[in-house]
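Single-structure report; data block below.
Coordinate-derived values only; no laboratory data. None of these values were measured; they are calculated from a predicted model. Cβ: placed from backbone, ideal geometry, glycine included. Neighbour counts: every protein chain shown.
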Amino acid sequence: MFKCLYMLLPATLLLAACGGAPLAPKPARLQAAEAAVLAANRATQSGADADASHYWREAWQAYASIDDWGGQGEARLGLANSLVRQGERDEAVRILASMRGNELFSADLRARATYQQALLQLATPDLAKASLAQARALCGAACGWVARLDNLQARLAVQGGDYAGAGALLTRVLAAPGLPGGERAHALRLMAEVALHDGALADARQRIDAAIVLDRQLAEPAYLVDDYVFLRRYAAAAGDEVLRTEAGQRLQSLCAVFSSAACSGN
């Protein structure tokens, strides 16, 4: 038997010599779509949200041109996120709303669009609750990201003054196996809110410190802004002026380089 001459044969000949057929290249439009998604994700990670929006639009158009509704749905969700980061909430809502009732998108994509819209409706709790209920229904009993939905429900409960209900939900979230770091940090921050309301200052501090550790690892400025907004409020309640000043300085530094609604007035 002859061995393949790996060091000498060109790639196409090597595959034939080894008994395999050369891989056909992906169609050009699919390559363009995937390249745009990669560029959009890189831009998002570096905080270049305008560039991310540009690349998500490119991906959307490329996937639409090949009748790929899964791909264009992902691109629309990515675009909506980047638009929110730039303060273009109305355009983001329009994109998300266009997906909710369109059954050419999978139930999971429609659930995610509905969930994202619920996040943008927090100022109108009744609308947010209705969107959350629809997202749960679309995601189904075997929903793979139920922790996000539970965290949002807990957030709405805190917002509505139902701290006991929020605490029960969050206890379930934190006990779930394989909980993603971002959702664990979110649940911990919300639990800190519940603890502070209940006057359990030591527990509140422990929870928010754990959330900050996770959010630093995730390197997500939006989460860190929320953490330090709460930590400063906690410090004021605890009468810890040193901590309040430190939290304020960290928050100011973050808000100087990252645009967030939570930075308004801080």
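Is it possible to state the helix-based mean residue ellipticity at 222 nm for the chain, with each DSSP H run of 4+ residues giving -39500 (n - 2.57), the sum divided by total residues, to the nearest 500 deg cm²/dmol? What is it?
Working: 13 runs with 196 residues, N = 266.
That comes out to -24000 deg cm²/dmol.
Over segment 162-261, what is the mean sequence separation of C-alpha contacts under 8 Å (at least six apart), divided by residue count, expressed as relative contact order in percent? Mind showing how you got there, number by number?
Numbers: 93 pairs, mean separation 20.8, N = 100.
21 percent.
Would you mind working out the magnitude of the charge dipole of the chain relative to its Cα centre, with +1 at each Lys and Arg C-beta and -1 at each Asp and Glu C-beta, to the nearest 20 Debye?
On the way: 26 positive and 27 negative charges, 78 e Å.
The calculation lands at about 380 debye.
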- Note on the structure: With bins of 5 Å, the percent of all Cα-Cα pairs of segment 97-245 per bin from 0 is 2, 10, 17, 20, 20, 15, 9, 4, 2, 1, 0
- Item | 0 to 90° range, to nearest 10: angle between helix 241-257 axis and the chain longest Cα axis | 30 degrees
- Message: How charged is the neighbourhood of ALA92? Take every other residue with its Cβ under 14 Å from the Cβ of ALA92, and add Lys/Arg as +1 and Asp/Glu as -1.
- Response: +3
- Note on the structure: Taking Lys and Arg as +1 and Asp and Glu as -1, residues besides GLY239 with C-beta under 14 Å from its C-beta add up to +2
- Query: Once phi is turned into θ = phi - 60°, what whole-Hz ³J(HN,Hα) does the Karplus curve with 6.51, -1.76 and 1.60 give for every residue of segment 182-199, x standing for Gly and Pro?
  - Reply: x, 6, 5, 4, 4, 5, 5, 5, 5, 5, 5, 4, 4, 5, 5, 4, 7, x
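Shape of segment 162-261 from its Cα gyration tensor (a ≥ b ≥ c, root eigenvalues): rounded if a/c is under 1.5, otherwise prolate when a/b > b/c, or oblate?
Values: a/c = 2.15, a/b = 1.21, b/c = 1.78.
Taking the square roots of the gyration eigenvalues as a ≥ b ≥ c, segment 162-261 is oblate.
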- Of (i) 15.6; (ii) 14.7; (iii) 19.5, which is the value of mean projected area of the Cα convex hull in nm² derived from the coordinates here? (iii)
- Message: I want to verify the translational diffusion coefficient of segment 31-137 in µm²/s; compute it with Stokes-Einstein, Rh as the Kirkwood radius over Cα pairs, at 25 °C and 0.890 mPa s.
- Response: 177 µm²/s
- Only Lys, Arg (+1) and Asp, Glu (-1) charged, at Cβ; segment 69-163 dipole about Cα centre in debye: 40 debye
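Got the relative contact order for segment 31-137 handy, in percent, Cα pairs under 8 Å and 6 or more residues apart? Walk me through the numbers before you get to the answer.
On the way: 135 pairs, mean separation 19.0, N = 107.
It comes to 18 percent, rounded to a whole number.
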- For VAL37, what charge total do you get from the other residues with a beta carbon under 11 Å from its beta carbon, if Lys and Arg give +1 and Asp and Glu give -1? -2
